[in-house]
Amino acid sequence: MVLVQNIQYVIVQFQGGAGYTANYHQKVRVLKYQTKLFQPILCNFIRFSQKLEYRGLPRPMFSIEFTIDSQVYTSSGQILISKSIQNIELYINCNCINGKKIISKFFKCENCPINKNSYQFQHSCYGAINLLFINARFIIQTNAIQQLQIDITPQSCKITQLIFNQQIQTFVIVDIQMIDN
């Protein structure tokens with residue numbers, strides 16, 4: 001693989017007095033070889049729990065906790081994960097509204113057919129359940145800093161991994177949608 005990077009310099013000419021000679025800078029082309037391809041993280045463990053919580057405390061529709069640093073996201077954000085981390089463990093809380101359905105997908109395989117590259121689950125929300133807890137663990141395949149983009153809306157929760165190979169690739173590793181039943 002070859003990355004081509006153009007570095008441009010402005011032509012500058014110095015004409016000086018004593019001790020200076022004229023200098024010229026020209027446009028240069030630099031070739032950079034990339035020897036390592038970065039791979040997306042893969043889900044290898046999922047556990048679901050359901051609960052009826054009686055307290056009337058306001059809760060966000062979705063919240064994501066990364067156990068690496070106990071950081072909790074209730075709105076969109078971005079996280080960088082250190083090279084030394086081997087597994088990423090997430091706790092995702094979904095507020096389950098009566099009459100809705102929660103559909104979740106977790107990325108499991110890069111080279112699988114597009115309709116089989118994710119674990120897919122469906123949960124119906126009814127009167128006896130108002131919270132859905134998801135515990136998911138992901139394996140890091142490439143020892144590199146992982147960049148994850150978190151998008152949370154009232155109807156969905158999505159985590160996308162950005163991979164910088166020849167060009168930026170995006171992999172949706174978690175996609176949770178709340179839809180009408």
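Out of the residues in region 153-173 meeting the condition of being over 12 Å from the mean Cα position of the chain (by Cα), in a strand (DSSP E or B) and not aromatic (Phe, Trp, Tyr), tell me which one is nearest to Asn95 (Cα to Cα).
The first filter runs over region 153-173 and keeps only residues over 12 Å from the mean Cα position of the chain (by Cα), leaving 153-156, 164-168.
Next, only the ones that are in a strand (DSSP E or B) stay: 156, 164, 168.
Filter once more, so that each one left must be not aromatic (Phe, Trp, Tyr): 156, 168.
Numbers: Ser156: 11, Ile168: 33 Å.
The qualifying residue nearest to Asn95 (Cα to Cα) is Ser156.
For (1) closer than 20 Å to Asn44 by Cα; (2) in contact (Cβ under 8 Å) with a residue 60 or more places away in the chain; (3) assigned by TED's automatic domain parsing to the domain that holds Glu53, each residue gets a yes or a no:
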{"residue": "Gln78", "(1), (2), (3)": "no, yes, yes"}
{"residue": "Ile97", "(1), (2), (3)": "no, yes, yes"}
{"residue": "Asn117", "(1), (2), (3)": "yes, no, yes"}
{"residue": "Gln122", "(1), (2), (3)": "yes, no, yes"}
{"residue": "Tyr126", "(1), (2), (3)": "no, no, yes"}
{"residue": "Ile129", "(1), (2), (3)": "no, yes, yes"}
{"residue": "Ile134", "(1), (2), (3)": "yes, yes, yes"}
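Of all residues in region 15-62, which are modelled with pLDDT of 70 or more, assigned to a strand (DSSP E or B) and of a type in the set (A, V, I, L, M, F, W, C)?
Leu42, Cys43, Phe45, Ile46, Phe48, Phe62
Checking Ile176 against (1) within 14 Å of the chain's Cα centre (by Cα); (2) under 22 Å from Glu53 (Cα atoms); (3) not in a strand (DSSP E or B), which single condition isn't satisfied?
(3)
What residue, of Glu110, Glu65, is surrounded by 12 or more Cβ atoms within 10 Å (Cβ to Cβ), at pLDDT 90 or above, of a type in the set (Asp, Glu) and under 15 Å from the mean Cα position of the chain (by Cα)? Lay out the reasoning, then the answer.
Working: Glu110 fails: at pLDDT 90 or above.
Just one listed residue meets the conditions, Glu65.
Looking at Ile103, Ile134 in this structure, which one is under 17 Å from Val72 (Cα atoms) and modelled with pLDDT of 95 or more? Steps first, answer last, please.
Numbers: Ile103 fails: under 17 Å from Val72 (Cα atoms).
Only one candidate passes the filter, namely Ile134.
The values are calculated or read from the model by the stated rules, or taken from the named source; none is laboratory data. Please read these numbers as outputs of a predicted model, since none were measured by experiment. In this analysis, Cβ positions are derived from the backbone assuming ideal geometry, glycine residues included, and neighbour counts consider all displayed protein chains.
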